[in-house]
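Have a look at the structure below, then the notes.
Rule-based calculations on the coordinates, nothing more; no lab input. The model shown is predicted, which means the values in this text are computed figures rather than measured ones. Reconstructed Cβ throughout: ideal geometry from the backbone, glycine too, with neighbour counts over all protein chains shown.
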Amino acid sequence: MPTSTETASVTPIRVARTAAAAPVLASIGVTDPTELLGSALGDVVRETPLRRTGRIQLTGGGQAYLKTYAPGAGRAGKVAGRRAPAEAEWRALCRLQDAGFQVPGGLCAAWSDRGDRAPSFVLLAGVAAERLDDELGRAGGEAAEQWLVHVFAGWVRRFHDLAFQHRDLYACHVLVEPGWTAPPTLIDLARVRHGRRLSTRRRVKDLAALCYSLRGLLRRSLLLRLYLVYLDRPGLDRAGRRLLGRVLRKARRIAHHVPVYG
């Protein structure tokens, strides 16, 4: 993702943008991206006391999504370190795109040198895709199962093999395009971690989130098949059963977790 990052001359605000940002900003009447800090632009998609996501209809068609974060949103959402959530999400977008994963197109973002103690935002291009859980609920069948086995399970394995952890890898954060042929698009990236290797504990957390969010939509036999494809093994050996036990226990704990904001 070719980007530029600049520092505003008066306030300690860093702005990152791509070439695709200019026409979108013009469409919504914004000349300086920092105008979007704390903005309530767009129809609300999700809102909590410290975070808002708005869907913006663009002139001439298309959509963009504005995610604004209030001071303290990173700490409340357990974003790594003391970085602003928008900075964390922007850097995750760039890193994942460089690694060959499909993510929403980053348009621009702004954050302060004060990190999570100041507001921040990221503006993303809309994606012509739907949530995996929604699509499985209304348009499953053979094509969906083949996609899960031959595309998605290997995609998750590669994601982990490259030492990425999403930390919220629920089916609602995976988008699928119509036709069940294209790779998935991953969203909600502010909490993504990347390191030299992925520990078993972090792997378990991601797999448990998927298990929890898919188990009401897929047969147990299909879930097991996906797990074996993820492991790249024809059957369960002792290590595979041990890992599966940890995943299932974590999924049960997730099921009893009460979300703060629903």
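Return an integer: the convex hull volume of the alpha-carbon atoms of region 130-255, in Å³ per residue.
Dividing the Cα hull volume of region 130-255 by its residue count gives 101 Å³.
Taking the alpha-carbon centroid of each part, what is the distance from region 230-245 to region 145-224 in angstrom?
The two parts, judged by their Cα centres, are 17 Å apart.
Between 0 and 90 degrees, rounded to the nearest ten: what's the tilt of helix 85-98 against the longest Cα principal axis of the chain?
With rounding to tens, the tilt is 60 degrees.
Based on Cα coordinates alone, diagonalise the gyration tensor for region 182-262, multiply each eigenvalue by 5, take square roots, and list the semi-axes in whole Å, largest first.
So the equivalent ellipsoid measures 21, 17, 15 Å along its semi-axes.
Once you have a ≥ b ≥ c as the square roots of the Cα gyration tensor eigenvalues for region 174-222, tell me rounded if a/c is under 1.5, and otherwise prolate or oblate according to whether a/b is larger than b/c.
In terms of gyration-tensor shape, oblate.
Is it possible to state the helix-based mean residue ellipticity at 222 nm for the chain, with each DSSP H run of 4+ residues giving -39500 (n - 2.57), the sum divided by total residues, to the nearest 500 deg cm²/dmol? What is it?
For the chain, the value works out to -10500 deg cm²/dmol.
In a solvent-free Debye calculation with one equal scatterer on each Cα, what is log10 I(q)/I(0) for the chain at q = 0.10, 0.15, 0.16 Å⁻¹, listed in the order of the q values?
Scattering profile of the chain, log10 relative to I(0): -0.53, -1.13, -1.26.
From Cα pairs below 8 angstrom and at least 6 apart in sequence, can you work out the relative contact order of the chain, rounded to a whole percent?
16
Within the P(r) computed for region 87-139, what percentage of the Cα pairs occupies the region above 14 Å?
In whole percent, the share of Cα-Cα pairs in region 87-139 beyond 14 Å is 63.
If you project the alpha carbons of region 4-125 onto their three principal axes, what span does each projection cover, largest first, in Å?
39, 32, 32
Just how large is the dipole of region 200-262 about the Cα centre, in debye to the nearest 20, putting +1 at every Lys and Arg Cβ and -1 at every Asp and Glu Cβ?
Magnitude of the dipole: close to 280 debye.
How big is Rg to Rh over region 71-188, alpha-carbon atoms, Rh as the Kirkwood inverse-mean-distance radius?
1.02
With angles folded into 0 to 90 degrees, how steeply does helix 238-255 sit against the dominant principal axis of the chain? Use alpha carbons for both and round to 10.
The helix 238-255 is inclined about 50 degrees to the chain.
Please report, in debye to the nearest 20, how large the charge dipole of the chain is about its Cα centre when each Lys and Arg carries +1 at its beta carbon and each Asp and Glu carries -1 there.
It comes to approximately 1840 debye.
Can you pull the one-decimal nm distance between simple spin-label points at residue 114 and residue 44, each 7 Å off the Cα toward Cβ?
Taking the simple label geometry, residue 114 and residue 44 are separated by 2.5 nm.
Give me 69, 212, 170 sorted ascending by neighbouring Cβ count inside 10 Å, so fewest comes first.
Lowest to highest Cβ neighbour count: 170, 212, 69.
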